[in-house]
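Throughout, read-outs are computed from the coordinates displayed, never taken from laboratory work. Everything numeric in this text was worked out from a predicted model, so none of it was measured. Neighbour counts are summed over all protein chains in view; Cβ atoms, including those assigned to glycine, are modelled from backbone coordinates with ideal geometry.
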């Protein structure tokens with residue numbers, strides 16, 4: 001078939017005209033369909049179905065145009081004018097089918113994406129996001145009233161069985177990102193939104209509130225309350241009761257309980273929470289602001305001694321500032337007043353965990369049972385289980401489910417993404433860490449997000465990317481000393497000590513540890529222990545330095561003040577640092593060399609061998625191999641250490657080189673090969689770093 005023969009058939013049969021007319025009609029109808037779908041809030045599949053219909057109809061229309069001629073005298077089959085007509089028809093039909101298939105391939109990714117979105121974004125029935133209320137008053141000093149009212153409503157409604165409440169951080173993020181109702185509903189998977197404003201002027205309090213259907217943006221209920229200046233608590237109660245009636249219309253009457261029924265205590269708690277959240281939201285330690293919050297919480301407990309939440313929040317603020325002893329009385333007072341509040345049980349778990357007591361797991365489990373939508377309790381429970389013996393006894397098979405559940409409840413919270421990525425990183429699940437990073441990049445674009453990405457890249461061994469992201473955070477938020485310190489540690493981890501010291505000229509104990517300058521670390525840490533007696537991490541690093549310099553008895557003495565080994569023997573670690581400190585203690589006992597200390601070191605190593613944390617690759621394998629060496633199982637230890645090379649994460653150079661348990665392997669080729677592999681990785685990272693920084697457009 002010649003080209004001329006084919007195109008002459010196209011012209012005669014008016015196929016090109018038909019294609020143009022069909023395309024114009026399809027385009028117009030699709031545009032109308034999309035507009036109607038948006039304006040009438042119809043399901044998105046309506047417009048998608050229209051597009052698919054036109055794509056499917058295209059080959060049919062073209063075949064009809066080729067085969068038949070539409071005239072004023074009726075429809076006639078078109079005659080073949082070329083001797084090669086039959087070949088033309090066959091080839092043309094083939095082209096039409098191929099073209100249609102091409103269209104489907106073109107739109108297939110979008111259809112798959114929409115399908116995935118429809119699968120993953122499921123609006124939960126009887127769900128609600130309480131957006132931060134607006135301070136409509138004339139002075140910013142009243143902002144604690146509007147913020148506090150929305151926070152208290154969120155907590156009060158969260159106690160109602162059958163209602164799922166979106167987490168605080170995601171609700172705030174949704175407002176800050178100026179999302180419309182449909183976007184908020186989709187992102188937070190909630191069916192309803194509660195928003196409002198608060199104005200207090202003189203002797204008048206005006207609260208406007210409306211409940212909005214997320215998918216349509218239509219108001220289901222709105223009301224304005226005008227009360228006296230001290231009647232905010234009554235307004236809160238009226239709003240909570242009305243919302244419950246609207247969301248659970250067929251349920252029996254449910255009584256919602258505020259944190260306090262005392263007007264004075266309520267305002268004190270609102271102001272205390274305002275100060276506390278300022279610190280928690282910034283993720284910094286502002287002792288002065290926290291102490292003011294603690295003072296106000298104390299006054300609230302005096303104004304209403306029967307408020308369990310007032311005592312619980314006082315305990316939580318004390319734990320956050322690090323005063324564990326002072327937190328004991330208020331948390332147990334809260335427990336005696338109402339043990340069936342999820343918030344109380346979560347704070348109790350935090351208290352037990354800070355003490356290194358195994359009862360923490362029971363408290364967190366109870367908090368989740370009382371409120372399965374408590375994202376804080378879910379995250380705490382998941383972190384604790386990862387550090388405890390229980391998950392490896394079959395009680396929790398996949399802790400990622402708990403972290404993911406917390407993230408589903410709080411999807412716009414950077415800390416939830418970070419917790420999930422941190423878990424995957426410590427488990428050596430590199431691909432899943434990168435997936436978390438992609439999610440963070442899609443949702444967040446600020447200095448704190450860059451820092452989180454930097455940490456997660458460090459967990460995957462991509463230290464050059466970790467440096468680039470941290471440098472980007474420093475440029476985004478200049479003057480933050482934490483960025484310089486973190487960059488110094490990252491450069492030290494790849495062996496560039498000169499750059500590390502230029503970033504931190506007066507090195508802290510963390511940098512001294514990475515550079516293996518142990519005597520300086522000892523001098524600095526002994527002084528810091530006096531200034532910061534509650535910081536256990538200082539004691540762990542100091543004990544490691546004592547071990548590295550042969551001062552094993554001093555290491556044992558300093559570690560005896562941390563609660564080790566009892567805190568781990570009970571089955572629960574407070575942090576990863578506890579695990580590392582546990583092995584520092586085991587090494588110190590082995591290093592002492594007496595029959596008694598050697599036997600004790602071997603018993604501790606045996607516990608960890610049968611215990612909670614140990615995998616076969618990465619930093620976990622490093623410590624497990626150390627334990628095997630202390631037990632005298634040298635061949636098993638070497639075989640396991642060889643697997644360390646499978647981990648993409650860089651090992652801590654001081655641990656692999658200076659731990660007592662590895663000294664007997666100094667001349668073993670397999671051990672030397674591990675050291676050489678780590679040094680080659682560091683050299684490769686140093687070589688790759690300039691190009692990475694240039695790609696990111698950042699400089700030191």
- By average Cβ neighbour count within 10 Å, what is the ranking of 554-561, 144-151 from highest down? 144-151, 554-561
- Message: Please compute the modelled spin-label separation between residue 534 and residue 122, points set 7 Å along Cα→Cβ, answer in nm with one decimal.
- Response: 4.3
- Message: Give me Rg/Rg_expected for the stretch 559-700, where Rg uses Cα atoms only and Rg_expected = 2.2 N^0.38 Å with N residues.
- Response: 1.19
- Footprinting exposure proxy for 141, 267 (fewest neighbouring C-beta atoms within 10 Å first): 141, 267
- Item | Separation in nanometres of the label points that stand 7 Å from Cα toward Cβ, at residue 603 and residue 404 | 4.2
- Rank by packing, highest mean first: peptides 479-489, 685-695, with packing defined as the count of other Cβ atoms within 10 Å averaged across residues. 479-489, 685-695
- Item | Exposure proxy ranking, count of Cβ atoms within 10 Å, fewest first, for 462, 223 | 223, 462
- Debye log10 I(q)/I(0) at q = 0.21 Å⁻¹ for the stretch 124-253, Cα point scatterers: -1.25
- Which order do peptides 671-678, 583-590 fall in by mean Cβ count within 10 Å, highest first? 583-590, 671-678
